[in-house]
Amino acid sequence: MRRREFIRLSSYTVVAWPLAARAQLAAMPVIGFLNSLRESDRPNLQAAFRRGLSEAGYVDGKNVTIEYRYAENQHNRLPALAADLIRRKVAVIAATGGGASILAAKAATKTVPIVFTTGGDAIQQGYVASLNRPGGNVTGVSWFSNLITGKGLGLLHELLPNAAVIAMLLNPELPESARMQSEGHEAARKLGQQLLVLYASSAHEIDAAFATMRERHAGALLIGADPFLSSRAQQIVALAARDAIPTLYSNRDTVEEGGLMSYGNDVADGYRRAGVYVGRILNGASPADLPVDQATKFEFVINLKTAKTLRVDVPPGLSARADDVIE
């Protein structure tokens, strides 16, 4: 081959490869990941979502692109973030981090598939018309954590039967909180206990809630299932230890970090299953025909080290029923 032809062919190859690479990148489906929290909050959940995607055959940066949008705990930013994802022409939106993300995604599109994660009742909150056949462009994963408030109060009552006042901390910006409050009042009435409902949607408001608990001499605390409150686990565990308030959380991660007890589902596994659903939609499944994936296993965990620090005697029958005991 003559030198001039070699240079010409080499130049063509140098130019053609980037063009081919860009074309391949442009052809990748794009997933919108909409979340109400900060990017640094509970990164294990994003990792679990990507793990589910990989089980369905999709790897971020290889054959799919994920566009992340975080509201930084400011729910009023979610509609604009959802609209931005629609302009980005995403193939699917994963609406995570609470009901506000789901509602924002639903308001932004009636055609782009939406896969949600929620601890609420998907029918009652208006996310889908049916669990078995959702219809429309929305389906997802639900672990019904708002329906276990009564169970949580019952466990605290069993631990501390003489506690006159039990507090419950909720995030007022979470759509599912109204149902949790209703469930809590009904359970407290049946147990014959006084329920002190407090609200917090910021770190400062969490501090204020604990000040109120001290003033009202709350004997125990139930943390409502909520992405924001879960993201503030370290703050809440530290305050509960400082004030010696036995506390029950909605996920075991917090108990492993020093919380006393938890009752709920494996939220990370819920995100993994949402990733699988997104992958199935990319492979051609219709969200209208994908039943809402319902978690059925609830886990009760006790940290006996924390109980000793709080000087709380855990009844043998209660610890015997725990799915896991941290000693």
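The values are calculated or read from the model by the stated rules, or taken from the named source; none is laboratory data. Just so we're clear, the structure is a prediction, and the values are computed from it rather than from any experiment. Here Cβ is always computed from backbone atoms with ideal geometry, including for glycine, and neighbour counts include all displayed protein chains. For accessibility, only protein heavy atoms count, side chains too; no ligands or nucleic acids. Shrake-Rupley method; radii C 1.70, N 1.55, O 1.52, S 1.80 Å.
Within segment 201-217, residues that are farther than 14 Å from A233 by Cα and among the aliphatic types (A, V, I, L, M) have Cβ atoms under 8 Å from residues that are open to solvent by 30 Å² or more (accessible area, probe 1.4 Å) and outside any helix (DSSP H, G or I) in these pairs: A209/Y199, counting only partners at least 6 apart in sequence or on another chain.
G258 passes every criterion in (1) open to solvent by less than 50 Å² (accessible area, probe 1.4 Å); (2) at pLDDT 95 or above; (3) of a type outside the set (S, T, Y); (4) on the phi < 0 side of the Ramachandran plot apart from (4). Being open to solvent by 20 Å² or more (accessible area, probe 1.4 Å), among the acidic types (D, E), in contact (Cβ under 8 Å) with a residue 60 or more places away in the chain and touching a helix residue (DSSP H, G or I) at 6+ places or on another chain (Cβ under 8 Å) is true of D253. Remark: pairs (first residue in segment 57-83, over 16 Å from E173 (Cβ atoms) and of a type in the set (D, E); second residue open to solvent by 60 Å² or more (accessible area, probe 1.4 Å) and assigned to a helix (DSSP H, G or I); Cβ separation under 8 Å; 6+ apart in sequence or on different chains) = D60/R50. With respect to V115, is the statement that it is touching a Phe, Trp or Tyr at 6+ places or on another chain (Cβ under 6 Å), at pLDDT 90 or above and of a type in the set (A, V, I, L, M, F, W, C) true? Here the answer is yes, as V115 does meet what is asked. Picking from residues in segment 49-68 that are buried (at least 21 other Cβ atoms within 10 Å of the Cβ) and not β-branched (V, I, T), the one that is nearest to the chain's Cα centre (by Cα) is F49.
Among the residues of segment 292-301, none qualifies, meaning not one is open to solvent by 30 Å² or more (accessible area, probe 1.4 Å), out of contact with any strand residue (DSSP E or B) (no Cβ under 9 Å at 6 or more places or on another chain), in contact (Cβ under 8 Å) with a residue 60 or more places away in the chain and not basic (K, R). Can you name the residue in segment 306-323 that is in contact (Cβ under 8 Å) with a residue 40 or more places away in the chain and open to solvent by 50 Å² or more (accessible area, probe 1.4 Å) and is also nearest to T139 (Cα to Cα) among such residues? Ranking the qualifying residues of segment 306-323, first place goes to T309. Has segment 11-27 got at least one residue that is basic (K, R) and either in a helix (DSSP H, G or I) or modelled with pLDDT of 95 or more (or both)? Yes, the conditions are met somewhere in segment 11-27. Put simply, of E205, E186, E158, E173 the only residue that is farther than 30 Å from L282 by Cα, open to solvent by 10 Å² or more (accessible area, probe 1.4 Å) and part of a loop (DSSP other than H, G, I, E, B) is E173. D84 meets each of the listed conditions (1) out of contact with any Leu (no Cβ under 9 Å at 6 or more places or on another chain); (2) of a type in the set (D, E); (3) at pLDDT below 95 apart from (3). Taking first residues from segment 95-110 that are at positive phi and partners that are of a type in the set (A, V, I, L, M), the Cβ contacts under 8 Å between residues at least 6 apart in sequence or on separate chains come to G97/L34; G97/L37; G97/A71; G98/L174. Being in contact with a Leu (Cβ under 9 Å, 6 or more places away or on another chain), open to solvent by less than 10 Å² (accessible area, probe 1.4 Å) and assigned to a helix (DSSP H, G or I) is a property that L103 lacks.
So L196 fits all but one of (1) assigned to a helix (DSSP H, G or I); (2) farther than 22 Å from P315 by Cα; (3) of a type outside the set (G, A, S); what number is the exception? All conditions pass for L196, except number (1).
Among the conditions (1) modelled with pLDDT of 95 or more; (2) part of a loop (DSSP other than H, G, I, E, B); (3) β-branched (V, I, T), the only one that I123 does not satisfy is (1).
Scanning segment 120-150 for residues that are more than 14 Å from the chain's Cα centre (by Cα), buried (at least 24 other Cβ atoms within 10 Å of the Cβ) and polar (S, T, N, Q) returns T139, T149.
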